[in-house]
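Enquirer: A single structure is presented below for examination.
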Amino acid sequence: QVQLVESGGGWVQTGGSLRLSCAASGLTFMIDNMGWFRQAPGKDREFVAANSWSRSSTYYVDSVKGRFTVSRDNAKKMVYLQMNSLKPEDTAVYYCAASSSGSGYQPVNFEFWGQGTQVTVSS
């Protein structure tokens, strides 16, 4: 199995920045996609960004393109989400997720999940 632990959440004002980190351990050789989802109160869990090892590509939901950057350090078994120009609508619990499959960016496509970290953006 794979264990994921997020860190770096917190509170920030509109326009500010935060960097989320996710440390992977366990059977990390299984992982292809690593990425981030978020869930706001009363809403479904939403894909935010992911990095595909097999495709050497990154993917973003339209609402964060140009503001968020996902990066990955396989040697350190880490994935990061740099979030700039944050908006109140970015407020959510952010989850790190990993998949052994290289396709699909819905929650059902990811087998491994972190516990989540809260990001709050005040207006």
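The values are calculated or read from the model by the stated rules, or taken from the named source; none is laboratory data. In this text the structure is predicted, and so the values were computed from the model without any measurement. For neighbour counting, all protein chains shown are included, and Cβ atoms are generated from backbone atoms with ideal geometry for every residue, glycine included. Protein only, heavy atoms only, side chains kept; ligands, DNA and RNA dropped before computing areas. Shrake-Rupley method; radii C 1.70, N 1.55, O 1.52, S 1.80 Å.
Enquirer: For the stretch 75-91, what are the residues that are assigned to a strand (DSSP E or B), surrounded by fewer than 22 Cβ atoms within 10 Å (Cβ to Cβ) and out of contact with any Cys (no Cβ under 7 Å at 6 or more places or on another chain)?
Expert: 80, 82
Enquirer: Now for a separate question. For residues that are open to solvent by less than 40 Å² (accessible area, probe 1.4 Å) and touching a helix residue (DSSP H, G or I) at 6+ places or on another chain (Cβ under 8 Å), tally how many sit in the stretch 99-123.
Expert: Final tally of qualifying residues: 4.
Enquirer: In the stretch 1-34, what residues are within 16 Å of residue 118 (Cα to Cα), open to solvent by less than 40 Å² (accessible area, probe 1.4 Å), assigned to a strand (DSSP E or B) and not aliphatic (A, V, I, L, M)?
Expert: 6, 10, 21, 22, listed by residue number.
Residue-wise test of (1) modelled with pLDDT under 95; (2) in contact with a Gly (Cβ under 7 Å, 6 or more places away or on another chain).
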position: 53; (1), (2): yes, no
position: 63; (1), (2): no, no
position: 69; (1), (2): no, no
position: 75; (1), (2): yes, no
position: 88; (1), (2): no, no
position: 97; (1), (2): no, yes
position: 103; (1), (2): yes, no
position: 112; (1), (2): no, no
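Enquirer: Moving to a separate point now. Just give me the residues in the stretch 9-35 being out of contact with any Asp or Glu (no Cβ under 9 Å at 6 or more places or on another chain), at pLDDT 95 or above and closer than 13 Å to residue 70 by Cβ, in sequence order.
Expert: Within the stretch 9-35, just 19 meets the criteria.
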